[in-house]
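Okay, structure first, notes after.
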Amino acid sequence: MADEAFVTLATNDNYARGAMVLGKSLRNHNTSKKLVALIGPQVSEPCQCVLRMIFHEVRVVDVLDSGDTANLAMMKRPDLGVTFTKLHCWTLTHYSKCVFMDADTLVVSNIDELFDREELSAAPDPGWPDCFNSGVFVYRPSLETYGKLLEYCTEHGSFDGGDQGVLNGFFNSWATADISKHLPFIYNLSSIAIYTYLPAFKQYGGNAKVVHFLGKTKPWNFTYDPKAKQIGGSVHEATTHPTFLLDWWSLYSSEVVPMLQDQYGDLPFHSGCVELPPSDIVIVETVVQGDSLSAYALALEPQLSSEERKMKWEQGQADYLGTDSFDNIKKKLDMFLK
Ligand code: UDP
Ligand code: MN
């Protein structure tokens with residue numbers, strides 16, 4: 001149906017790359033649904049261009065600039081920046097039903113059947129199965145629900161500091177009320193399952209429909225040697241199943257990198273490595289040992305001076321998860337108070 005969509009979110013260029021791979025993977029598995037990307041204003045113009053080629057709709061969401069209730073909510077809870085941006089997906093009321101997917105997910109088979117489910121359907125979280133994991137969920141856009149979510153968020157905050165805490169607090173009957181709202185784990189398979197229940201992973205992992213690279217290390221934090229088709233660095237330390245990680249990288253290198261190269265045309269490239277302007281980005285370059293090939297590398301978040309940070313903060317572009325996180329702000333305040 002034309003009024004159903006997959007929705008994702010990317011507030012910076014790294015997550016935007018994840019979104020590109022996700023969008024491509026949905027298309028490669030012939031979804032008949034629309035694709036929507038919500039992005040933060042920090043996503044660079046070339047990345048926005050590529051996103052517009054993959055997604056039917058790319059919407060810049062600037063919560064701080066919105067001048068509405070979201071803005072007010074944000075002033076009260078500046079630590080929940082990305083969360084407020086994610087909740088924005090409920091405002092896409094030109095769709096009757098949507099499936100939200102984290103930018104660190106990869107589709108490995110057609111999942112259009114998810115649209116047969118109702119709000120709020122999601123898979124259990126591997127860490128606490130009475131909570132749902134908010135990396136993949138079915139919902140119905142509604143301004144009424146959106147308003148209630150913001151209100152809930154402002155009043156109760158998030159028990160885990162992110163959207164999953166808020167959504168589990170709000171949709172708190174998920175665990176017990178209606179089993180049809182429990183998505184099978186294969187719709188949100190996180191690699192954590194490999195370590196916590198290896199026999200089950202061996203038995204069922206092959207049926208995976210969506211892989212979720214949950215946790216601190218994302219696919220884009222690795223390097224990749226496109227010639228040897230190998231992941232660089234220490235994959236053993238990774239919490240990710242190496243095959244899924246390779247799937248992500250082979251899609252990224254074969255279908256997304258060429259699109260980025262087109263956009264960054266006049267910038268230097270070597271073996272598919274995307275180099276962004278040095279003022280913004282720190283480049284990581286890895287030389288594959290015993291073979292002087294330089295591996296694929298990804299841009300890291302910029303390291304800003306305190307003056308640049310102040311400017312960004314004043315423009316409403318705080319680094320909510322990093323330097324400007326609630327914890328760090330609190331530490332600083334405590335220091336002054338002493
Ligand atoms: N996200 C984002 N920018 C950020 C952090 C998160 O756009 O700085 C979005 C992105 O869609 C991401 C989702 O929020 O997939 C949830 O965050 P993440 O996947 O990092 O959390 P995890 O699944 O590891 O708990
Ligand atoms: Mn995720």
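Against the test of being touching a residue at least 40 places away in the same chain (Cβ under 8 Å), buried (at least 20 other Cβ atoms within 10 Å of the Cβ) and not hydrophobic (A, V, I, L, M, F, W, C), the options Thr105, Thr93 yield a single qualifying residue, Thr105.
Which residue is modelled with the highest pLDDT, if the candidates are limited to the stretch 185-216 and must be within 16 Å of the chain's Cα centre (by Cα) and surrounded by fewer than 17 Cβ atoms within 10 Å (Cβ to Cβ)? Once the filter is applied, the top-ranked residue is Gly215.
For the stretch 25-44, residues that are in contact with a helix residue (DSSP H, G or I) (Cβ under 8 Å, 6 or more places away or on another chain), in contact (Cβ under 8 Å) with a residue 40 or more places away in the chain and closer than 14 Å to Asn110 by Cβ total 5. Residues that are more than 30 Å from Gln263 (Cα to Cα) and away from ligand 2 (no atom under 16 Å from the Cβ) number at least 1 in the following strands (runs of 3 or more DSSP E) confined to the stretch 54-152: 97-101, 121-124, 132-139.
For the stretch 170-184, the set of residues classified as surrounded by 12 or more Cβ atoms within 10 Å (Cβ to Cβ) and part of a helix (DSSP H, G or I) consists of Phe170, Lys181, listed by residue number.
The rows are residues; the columns are (1) more than 13 Å from ligand 1 (Cβ to nearest atom); (2) at pLDDT 90 or above.
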residue	(1), (2)
Gly81	no, no
His94	yes, yes
Cys98	yes, yes
Asn110	yes, yes
Phe115	yes, yes
Glu118	yes, yes
Phe132	no, yes
Tyr139	yes, yes
Tyr152	yes, yes
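Inside the stretch 168-207, residues that are within 16 Å of ligand 1 (Cβ to nearest atom), of a type in the set (A, V, I, L, M, F, W, C), over 23 Å from Ser158 (Cβ atoms) and in contact with a strand residue (DSSP E or B) (Cβ under 8 Å, 6 or more places away or on another chain) make up a count of 2. Any residue at all in the stretch 45-53 that is under 14 Å from the mean Cα position of the chain (by Cα), farther than 16 Å from Tyr139 by Cβ and more than 16 Å from ligand 2 (Cβ to nearest atom)? Within the stretch 45-53, one or more residues are under 14 Å from the mean Cα position of the chain (by Cα), farther than 16 Å from Tyr139 by Cβ and more than 16 Å from ligand 2 (Cβ to nearest atom).
The values are calculated or read from the model by the stated rules, or taken from the named source; none is laboratory data. What you see is a predicted model, and the numbers here were worked out from it, not measured in a lab. Cβ atoms come from the backbone with ideal geometry, glycine included; neighbour counts cover every protein chain shown.
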